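Reading through the structure tokens given below for one structure.
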Amino acid sequence: MTKLILGLAIMFSVNGVAWAQCEIPVPIRELLEKPLMQRRLFETRDQKDARAAAFKNGLAQYPDNYFILRAQMMMMSEPDERIGWAGDLLKQHPGNPVYMMLDAESLLGKNTPEAIRRLEAVKIEHPEIPIIYLSLANARTGLFLDKTKAQKELDGYIGLCSQSVSLDGLFLNLVQQVGTSDQLAWTAAAVRKRLETDSQETRTTPWERLWSLEFKANPVSEHAAVRKRIGEELARFEKSPRRKEVQFMEFLKSGYGSIGDHAAVDRLNEEILKLHPNSDQAKEILRQQWSDKHPWPGQKDKVTLEAYSRASLVAARELLKRWPDDSMILSTIFTDLSRLPETTAPSIAAAVDAFLAAYQKGASWLQSPPMEFSIAEQYIKHKIRLLQVPSLVKRGNESMIRMYGPNLTDDRIDTEMRNRLRDSIDDMRIEGAHLLLDCYAAIKQPQRARDVLGEPG
């Protein structure tokens with residue numbers, strides 16, 4: 001391994017707050033994991049204000065905390081908003097490494113070379129702060145991949161944190177992505193030692209990360225031994241007092257899945273269905289079991305597709321009895337109905353209303369083509385709610401921009417990928433234009449159709 005920087009991380013105090021830890025402190029991590037601190041896909045003004053207040057309260061408790069401030073910055077969807085916010089804070093706190101870091105990181109994706117330059121400057125001034133090395137290693141991935149430099153940054157981080165290896169995802173993921181064989185081996189051994197000796201560490205995610213690391217750190221010829229050891233550890237975890245908790249059972253499933261023990265996975269699935277029948281985990285198990293028994297037939301054979309949709313509709317309605325506000329189940333019901341010739345206009349309208357009510361309440365998913373286009377298509381087909389079609393098309397186009405837009409302007413994404421994303425957006429715009437033309441033809445508004453085509457009146 002490249003020569004490690006010697007010494008342990010010192011606790012560098014900024015306005016009385018130590019932030020030079022090797023990983024996110026437990027109280028901060030628990031604070032940031034609260035639902036109130038997470039961004040939703042659809043948010044009311046009250047929800048946004050509540051989240052802003054939660055961050056304000058967190059910073060009142062932990063002033064100038066880098067981890068809280070960075071999480072707040074990442075809630076901002078627009079790069080220019082992040083850059084302006086971080087720049088303003090740096091003006092208020094000149095020379096403060098917390099705000100120098102945030103200012104540099106705000107440029108990632110917008111001007112990544114400049115972000116790297118600024119991070120390097122912070123590292124020169126404050127080589128004792130571990131998180132700077134991780135931030136630089138992370139910046140040197142993607143289109144700006146430089147494995148040699150990224151590995152050097154990992155060495156710098158490991159040197160500062162050799163006595164307190166981080167269990168956080170950023171460090172462990174970077175080691176897996178760009179680490180040398182020596183870094184992989186050292187990290188796997190250090191993580192294992194910490195997990196086996198730290199009685200205060202009760203999270204299960206670090207064990208999953210460890211097992212993934214050990215597969216990567218060992219040659220294929222040693223994987224049988226890795227699987228054997230993981231199996232022994234899972235047998236020990238089976239005796240845990242948390243064994244009946246649904247999240248712990250999911251952890252066990254993940255472990256058994258990683259070693260190919262499908263019988264154990266099936267056994268746990270049945271236990272979850274029995275012990276936690278109304279959990280989200282049970283819902284996903286039932287959906288997957290149905291999908292495994294009913295593979296998607298494609299759209300070439302109309303009769304086969306209709307039979308599939310009828311069976312899917314029955315299954316989805318059964319799931320809805322247990323999870324009445326689940327937007328994914330309601331979207332499946334709408335989609336299945338849209339494929340059946342006997343479906344009536346009132347049935348489509350009712351399915352749309354139920355889906356939108358659940359989706360706008362707290363959905364966290366988007367799809368392509370957008371659901372708004374599918375709804376508009378059915379409105380046109382059944383000649384209902386035609387005046388709503390233009391707004392549906394507009395919202396559908398906006399959802400595509402929301403889905404693909406961040407990557408279109410991210411300088412870490414290669415040109416080929418960005419071109420494919422632009423093509424996808426253009427295809428959706430063309431589909432939206434077709435829907436508008438069909439709608440205006442149905443409501444006999446030729447002038448608006450000419451507007452869509454860009455023709456003079």
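The values are calculated or read from the model by the stated rules, or taken from the named source; none is laboratory data. The model shown is predicted, which means the values in this text are computed figures rather than measured ones. Every residue, glycine as well, gets a Cβ built from its backbone with ideal geometry; the counts of neighbours run over all protein chains shown.
Just checking, which of 208, 214 is in a helix (DSSP H, G or I), of a type outside the set (A, V, I, L, M, F, W, C) and within 20 Å of residue 182 (Cα to Cα)? Step through it out loud before you land on a result.
Numbers: 208 fails: within 20 Å of residue 182 (Cα to Cα).
Going through 208, 214 in turn, the sole match is 214.
When restricted to residues that are buried (at least 16 other Cβ atoms within 10 Å of the Cβ) and touching a residue at least 40 places away in the same chain (Cβ under 8 Å), the range 393-410 contains 2. Checked against (1) free of Cβ contacts under 8 Å to residues at least 24 places away in the same chain; (2) farther than 28 Å from residue 161 by Cα; (3) loosely packed, with under 14 Cβ neighbours inside 10 Å, residue 202 meets all criteria but (2). Within the range 391-435, the set of residues being within 19 Å of the chain's Cα centre (by Cα) and of a type in the set (Gly, Ala, Ser) comprises 399, 405.
Is the range 219-237 home to any residue that is surrounded by 12 or more Cβ atoms within 10 Å (Cβ to Cβ), outside any helix (DSSP H, G or I) and out of contact with any strand residue (DSSP E or B) (no Cβ under 7 Å at 6 or more places or on another chain)? Scanning the range 219-237 turns up no residue that is surrounded by 12 or more Cβ atoms within 10 Å (Cβ to Cβ), outside any helix (DSSP H, G or I) and out of contact with any strand residue (DSSP E or B) (no Cβ under 7 Å at 6 or more places or on another chain). Evaluate the following for residue 387: is it within 23 Å of residue 334 (Cβ to Cβ), in the same structural domain as residue 346 (by TED's automatic domain parsing) and buried (at least 18 other Cβ atoms within 10 Å of the Cβ)? In short, no. Residues in the range 32-72 that are in contact (Cβ under 8 Å) with a residue 24 or more places away in the chain and under 24 Å from residue 359 (Cβ atoms): 37, 39, 40, 41, 42, 51. When residue 303 is tested against the conditions (1) exposed (fewer than 12 other Cβ atoms within 10 Å of the Cβ); (2) in contact with a Pro (Cβ under 9 Å, 6 or more places away or on another chain), the lone failure is (2).
What are the residues in the range 164-185 that are in contact (Cβ under 8 Å) with a residue 60 or more places away in the chain and of a type in the set (A, V, I, L, M, F, W, C), if any? Step through it out loud before you land on a result.
We begin by selecting, within the range 164-185, every residue in contact (Cβ under 8 Å) with a residue 60 or more places away in the chain; these are 164-168, 171, 180, 182-183.
Result: 165, 167, 171.
Just the residues that are surrounded by fewer than 21 Cβ atoms within 10 Å (Cβ to Cβ) and in contact with a helix residue (DSSP H, G or I) (Cβ under 8 Å, 6 or more places away or on another chain), please, taken from the range 84-102. Outline the logic, then answer.
At the first step, the residues of the range 84-102 found to be surrounded by fewer than 21 Cβ atoms within 10 Å (Cβ to Cβ) are 84-85, 87-96.
Of everything in the range 84-102, those that are surrounded by fewer than 21 Cβ atoms within 10 Å (Cβ to Cβ) and in contact with a helix residue (DSSP H, G or I) (Cβ under 8 Å, 6 or more places away or on another chain) turn out to be 85, 87, 89, 90, 92, 93, 96.
With respect to residue 64, determine if the residue is surrounded by fewer than 22 Cβ atoms within 10 Å (Cβ to Cβ), in contact with a helix residue (DSSP H, G or I) (Cβ under 9 Å, 6 or more places away or on another chain) and acidic (Asp, Glu). For residue 64, the condition - surrounded by fewer than 22 Cβ atoms within 10 Å (Cβ to Cβ), in contact with a helix residue (DSSP H, G or I) (Cβ under 9 Å, 6 or more places away or on another chain) and acidic (Asp, Glu) - is met. Would you confirm whether any residue within the range 108-131 is in the same structural domain as residue 156 (by TED's automatic domain parsing), acidic (Asp, Glu), on the phi > 0 side of the Ramachandran plot and assigned to a loop (DSSP other than H, G, I, E, B)? No, there is no match, as no residue in the range 108-131 is in the same structural domain as residue 156 (by TED's automatic domain parsing), acidic (Asp, Glu), on the phi > 0 side of the Ramachandran plot and assigned to a loop (DSSP other than H, G, I, E, B).
What do you reckon, is residue 192 over 21 Å from residue 216 (Cβ atoms), charged (D, E, K, R) and part of a helix (DSSP H, G or I)? Considered against the rule, which asks whether it is over 21 Å from residue 216 (Cβ atoms), charged (D, E, K, R) and part of a helix (DSSP H, G or I), residue 192 comes out as no. The requirement of being assigned to a helix (DSSP H, G or I) and not polar (S, T, N, Q) is satisfied by residue 174.
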